[in-house]
Amino acid sequence: MFDDTYDHEVWNDTDGIRVVLFMDVIRPMSFPASAINKGIINVIKHTGYIQDAKKNQEAWEEKFIQKSKEKVYTESNKRTWSSG
């Protein structure tokens, strides 16, 4: 994790895909900065960009859960047939 409140640069000098997870950690701040920060986060989370990313993540998670269930079912059946 890195703190983007400091100027920095990052390069991906590989042929691989780079994935970055952005998080906003709400730091304790005094009023009015705390209210402004909460308001900005609330506005951003309702943008189409974030909502699309959320839908994509939920779809990926559903596929992952389904595949996991299928694997457990397949492994369970293998044990049942091999022990019977």
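Give the calculated FRET efficiency between residue 13 and residue 57 to the nearest 0.05, with a Förster radius of 22 Å applied to their Cβ-Cβ distance. Mind showing how you got there, number by number?
Working: r = 27 Å, r/R0 = 1.24.
Between residue 13 and residue 57 the formula returns 0.20.
For a protection proxy built on the mean count of beta-carbon atoms within 10 angstrom, sort 24-32, 54-62, 10-18 highest first, please. Working shown, then result.
Working: 24-32: 8.4, 54-62: 10.1, 10-18: 6.7.
Listed from highest to lowest mean packing, they are 54-62, 24-32, 10-18.
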Honestly segment 22-64 on the Cα gyration tensor test (a ≥ b ≥ c root eigenvalues; a/c under 1.5 rounded, otherwise a/b vs b/c for prolate or oblate) is just prolate
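Here, each number is a calculation from the coordinates, and none is a lab measurement. Keep in mind that this is a model prediction, so the values were computed, not measured. Glycine also receives a Cβ, built like all others from the backbone with ideal geometry; neighbour counts cover every protein chain displayed.
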